[in-house]
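Scroll down for the structure; my scribbles are underneath it.
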Amino acid sequence: MKKTTFLSKTIALAVLGLMGVTAINAQEETSEAVAVTPMVVGPGVCCGWSASSAPVMLASETDENVFTYIGWIEADQDFKFITHTDWSGTHYINSNGEDPHIIGDGTLAIHESDADPDTKFQVSQSGNYNVTINVSELTINVAKAEYQDNPINYNILYLVGSNTPGGWSLNDATPLVQDSENPFLFTTTVPLTADGSFKIAVNCYGDFSQKMFFRDADDSGKLDEGDEAATADLQWKVDADGNYDVAVNLLEGTISIALHEEGGDIEDAISQVKASGNTSADAYYTLSGVKVNNLTKGIYIYKGKKIVKF
């Protein structure tokens, strides 16, 4: 597998203000050149025509008009860019009404009413693509991504719930930022309270009919996205108020929730365990790298990841 560098945490944090509340609000128009964050929608991407579940694009830290998406697009299936999950506002579509296929550079057109053409984009081969649009210059670039081992669907996720800073407001949900090297790993450090619970959303501009990730009924360290979980609405809780490191791995379907160690060098401890050469699949370590056999309540490193024993 080739190593690919994805959008950095710095870019996402600069745009979204990770702990300082919100991203650009896609439900509110302003007089700025860019008042909204585009989302990718259509049968070519994971959500189909479900606007509430549409992948949210990430804004450039150097140009407020430029947005990117790195993800899977199905061959010969439509996609376009919307700015509101209720289908109002501007739609960015294909300016080429004769050929929907795009690779390399192209141009956008604006669809604002039913009277306008609604020509979509397509790609000729299924795969992960780097998609960049400039909504001021109305340009688009689509290039095959280097990483093709597994489909990438989302570039950002959101924590929403009564024990998070934003409560049940999706617009104020806490972003989980995509790792710069692993496109399936999303992390944040967030204050959580013992009173309440949270689940994971894919779109902070949608509603609660969107795709959600829930707590697995049998293992709180795993994600469940099936109908049964949606019906049960299983969520995550913590035992005490505090700042927590939350990490979600969509490829492995796992989540870790660990108390954040102020001033502690957790990453060094994890690196130390990884470098120890211990190959035991069941080995647990303290944050200082000491192997333990009998687990009590606390934070441990297991297979190179932080876990919480409740």
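The values are calculated or read from the model by the stated rules, or taken from the named source; none is laboratory data. Everything numeric here is computed off the predicted structure, so don't read it as measured data. All Cβ positions, even for glycine, are placed from backbone atoms using ideal geometry, and neighbour counts span all protein chains on display. When the accessible area is computed, the model is the full protein with side chains, heavy atoms only, and any ligands, DNA or RNA have been set aside. Shrake-Rupley method; radii C 1.70, N 1.55, O 1.52, S 1.80 Å.
Taking Phe208 and the conditions (1) over 18 Å from Leu157 (Cα atoms); (2) surrounded by fewer than 16 Cβ atoms within 10 Å (Cβ to Cβ); (3) in contact with a Leu (Cβ under 9 Å, 6 or more places away or on another chain); (4) not small (Gly, Ala, Ser), which numbered condition does it fall short on, given that it satisfies the others?
(1)
Residue by residue, here is whether (1) basic (Lys, Arg); (2) closer than 21 Å to His91 by Cβ; (3) under 19 Å from the mean Cα position of the chain (by Cα) holds:
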position: Val142; (1), (2), (3): no, yes, no
position: Asn155; (1), (2), (3): no, yes, yes
position: Val160; (1), (2), (3): no, no, yes
position: Trp168; (1), (2), (3): no, no, yes
position: Ser180; (1), (2), (3): no, no, yes
position: Gly196; (1), (2), (3): no, no, no
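Which residue, of Asp116, Asp105, is modelled with pLDDT under 95 and open to solvent by 30 Å² or more (accessible area, probe 1.4 Å)?
Asp116
Filter region 91-102 down to the residues that are open to solvent by 30 Å² or more (accessible area, probe 1.4 Å) and either out of contact with any Leu (no Cβ under 8 Å at 6 or more places or on another chain) or under 18 Å from Pro151 (Cα atoms) (or both) and list them by number.
Asn96, Gly97, Glu98, Asp99, Pro100, His101
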